[in-house]
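Here's the structure, in structure tokens; my notes come after.
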Protein chains: 2
Amino acid sequence: MANDNIDRLLRNKVSFLTDAGPEEDIAISSRIRLARNLADFPFPAAASPEQLDAIRELVAPAVAESSALGDDFLRFDPDQLTPLECEILFERRLVSRDFLNRSGGTTLLTRSDESSSVMVNEEDHLRIQSIRPGLQLMNVWETIDRLDNRLASKLSYAFDNRLGFLTSCPTNVGTGMRASVMLHLPGLVLSGQINAAIQGIGKLNLAVRGIFGEGTDNRGNLFQISNQSTLGESEPQIIERIDAVIRQLISHEKNARRMLLEKEQYALLDHVGRSYGLLRHAYKLTYDEALNSLSGIRIGVDMGMFNSVDIKTVNELFICINPAHLRKFAGRSLTDAEADIQRAALVRERLKKVAEA
Amino acid sequence: MANDNIDRLLRNKVSFLTDAGPEEDIAISSRIRLARNLADFPFPAAASPEQLDAIRELVAPAVAESSALGDDFLRFDPDQLTPLECEILFERRLVSRDFLNRSGGTTLLTRSDESSSVMVNEEDHLRIQSIRPGLQLMNVWETIDRLDNRLASKLSYAFDNRLGFLTSCPTNVGTGMRASVMLHLPGLVLSGQINAAIQGIGKLNLAVRGIFGEGTDNRGNLFQISNQSTLGESEPQIIERIDAVIRQLISHEKNARRMLLEKEQYALLDHVGRSYGLLRHAYKLTYDEALNSLSGIRIGVDMGMFNSVDIKTVNELFICINPAHLRKFAGRSLTDAEADIQRAALVRERLKKVAEA
């Protein structure tokens, strides 16, 4: 039986992918998550099934009563979802693999536009997340801080005056905050400067990861930059530090793009054109081919070289090309080979629609 | 100084590429060449410059007086052409590399539609050539035989009653005829049957070569099949033998295409689609990429899977993507990298024009 809420998610616009944002030609999105725990329960890994249920039955009403996620948020209990539906939540980055692997007591509460959400009983009792398009961590912070305060008025958080928020993993103790920005850096990749840039960021005590959180993964030329430490600085201080580094990276990326346009204009046009040609005309596309080619056309759109596509369509496709989404759209199970065919059909159709609009 | 006749060649339609022909979905063209020599002169390799000039001044008027090439044929003397113009004649397969490498006394006479031509003082005094679209060697034979008879009425050929026509190289003695058909065999290549097919043809005393006459070259999935021997059979007998083999090959190719369409429809669509996407959207194309992708869309057009292009446009592009043609169109010298850019621009523009027509 299909879950109606999943259908609502898929129907609704995802605000951080479709709304405009500052520096959106390079910064895809700004995301903050807060780790919070209730004072009177053991951390999820140590809690009994009954305790996990009790936690959930405290948090869910608190979200509703505080209107922290607005009044029409959606609730997903993984134990009542099909594996495919769980996978869709993962592909939309509303839940983690860790969350899905838990044996019970988990719940996801999310605004239907996916801009704010709460995972219950992942590694911590609450993982609160807010996300916005472009580079605007401070705005995201204001949103999530308000949301957190509303929840705090209903729940008793585990807090230590000296350490700050207590969390399941010591690396999160303090602010419990992880702030990250997803950057699209094809200029630095194409010009061979990305490794130096990544090493530089590492020295600033920030982490660089690929689109799926893996360190060495540069598929789609997408990179997440986030803070490593959560202790010793206030949230705004951490955010200002990340923000300054990101702005520098964006400036490097812009320079790299300018240089490419000046010195290797045809290499760049060719990169964009081949990406578009593949997406527009292939009948089989692997996930990686689709991702890399979407990256290829995004740089063309960003640089104003290419107006057959808009950023919004590219951003949405970054999500839709994932296997569970394709299976959901097809309404049936698909082998990997069938998924490649389905992926190519979806991409062709979306790009055709935009080209003819 | 540009040669006006070269411009006329480039302006005129090339009949064998733009006219319809039998089995044109697989057989690109049927070509016959005859090697002929004058009785009273040594073969070109042994002739003095004065003798080569004398041969030329006998043959050229004979072509005019006999109307063998019609009344408005074009004449090209390589010693009065630029290297670029010589290369254009080579790329159009009106002359051979051997012809261009001779030190003097050479002339090309050709109908402006390139359907019949005579090279003077290549390996033999005369190399007469006729070509038509599709598979129609017997019609080509009738044309070239008439042309040859007209020339014979004006010239005294070296002929031996026992051996037949005498030629510079012993492998041409007898009929002096080489009949060949250019086949497009992507079905056999994609289904992995091409090597067996080529081996089978070799056993029948026929030669298989790639588009540029090299034995192992299968660029563009194009293969020339021609007779090896010129002795012991009449011209119609040789032609009938080739024709029968070619018809069998065409039938194998059709079967291979049918099987691909049945069992690997999406692989085939993908092959065609990717080829089209590359040609339509790349900004740099090497010769091999262009050739292979043109082959890729040709199979789609042939099989009725794809109507954004017509065979005529594809056939013409097979010629226009050659480097000397690109340099001629550009009106200036081009580095290889610049030629790749020029090639991509030409292909994009032609395909765009057809797609929008």
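Going through (1) touching a Leu at 6+ places or on another chain (Cβ under 9 Å); (2) under 30 Å from A:Leu89 (Cα atoms); (3) not polar (S, T, N, Q) one by one, A:Leu206 falls short only on (1). Residues in the stretch A:250-262 that are surrounded by fewer than 23 Cβ atoms within 10 Å (Cβ to Cβ) and either of a type outside the set (Val, Ile, Thr) or within 9 Å of chain B (Cβ to nearest Cβ) (or both): A:Ser251, A:His252, A:Lys254, A:Asn255, A:Ala256, A:Arg257, A:Arg258, A:Met259, A:Leu260, A:Leu261, A:Glu262. Of the residues making up the stretch A:212-231, at least one is charged (D, E, K, R) and open to solvent by less than 50 Å² (accessible area, probe 1.4 Å). Taking the stretch A:312-336 as the range and being open to solvent by less than 50 Å² (accessible area, probe 1.4 Å) and not in a helix (DSSP H, G or I) as the test, the residues that pass are A:Ile321, A:Asn322, A:Leu334. Of all the numbered requirements in (1) in the same structural domain as B:Ile198 (by TED's automatic domain parsing); (2) more than 30 Å from B:Asn12 (Cβ to Cβ); (3) not acidic (Asp, Glu), B:Ala337 misses one, and that requirement is (1). Taken over the stretch B:98-144, the residue count meeting the criterion of being of a type in the set (A, V, I, L, M), open to solvent by 10 Å² or more (accessible area, probe 1.4 Å), under 22 Å from B:Thr167 (Cα atoms) and outside any strand (DSSP E or B) is 1.
Being β-branched (Val, Ile, Thr), within 14 Å of chain B (Cβ to nearest Cβ) and either in contact with a helix residue (DSSP H, G or I) (Cβ under 8 Å, 6 or more places away or on another chain) or closer than 19 Å to B:Tyr266 by Cα (or both) is true of A:Ile297. Just the residues that are away from every other protein chain (no Cβ under 13 Å), open to solvent by 20 Å² or more (accessible area, probe 1.4 Å) and in contact with a Gly (Cβ under 7 Å, 6 or more places away or on another chain), please, taken from the stretch A:263-294. The one that is away from every other protein chain (no Cβ under 13 Å), open to solvent by 20 Å² or more (accessible area, probe 1.4 Å) and in contact with a Gly (Cβ under 7 Å, 6 or more places away or on another chain): A:Asn292. Of all residue pairs spaced 6 or more apart or on separate chains, those with beta-carbon atoms under 8 Å, a first member in the stretch B:325-345 that is within 12 Å of chain A (Cβ to nearest Cβ) and without any contact (Cβ under 8 Å) to a residue 40 or more places away in the chain and a second member that is open to solvent by 70 Å² or more (accessible area, probe 1.4 Å) and among the aromatic types (Phe, Trp, Tyr) are B:Gln342/B:Phe329.
Kindly evaluate B:Ala267 against the criterion of being modelled with pLDDT under 95 and among the small types (Gly, Ala, Ser). Quick ask: steps written out before the conclusion?
Numbers: modelled with pLDDT under 95: yes; among the small types (Gly, Ala, Ser): yes.
So B:Ala267 fits the description; yes.
Which members of the stretch B:314-327 meet the condition of being more than 21 Å from B:Arg257 (Cβ to Cβ) and polar (S, T, N, Q)? Correct list: B:Asn322 only.
Among the candidates B:Ala339, B:Ala345, B:Ala267, the residue that is more than 25 Å from B:Met182 (Cα to Cα), out of contact with any helix residue (DSSP H, G or I) (no Cβ under 8 Å at 6 or more places or on another chain) and not in a loop (DSSP other than H, G, I, E, B) is uniquely B:Ala345.
Residue-wise test of (1) within 13 Å of the chain's Cα centre (by Cα); (2) closer than 28 Å to B:Phe318 by Cβ; (3) in contact (Cβ under 8 Å) with a residue 40 or more places away in the chain.
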site: B:Glu87; (1), (2), (3): no, yes, yes
site: B:Val95; (1), (2), (3): yes, yes, no
site: B:Arg102; (1), (2), (3): no, yes, yes
site: B:Leu108; (1), (2), (3): no, yes, no
site: B:Ser115; (1), (2), (3): yes, yes, yes
site: B:Leu126; (1), (2), (3): no, yes, yes
site: B:Arg150; (1), (2), (3): no, no, yes
site: B:Ser168; (1), (2), (3): no, no, yes
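The values are calculated or read from the model by the stated rules, or taken from the named source; none is laboratory data. Because the structure is a prediction, the values reported are computed rather than measured. Cβ: placed from backbone, ideal geometry, glycine included. Neighbour counts: every protein chain shown. The area values use the complete protein model at the heavy-atom level, side chains included, leaving out ligands, DNA and RNA. Shrake-Rupley method; radii C 1.70, N 1.55, O 1.52, S 1.80 Å.
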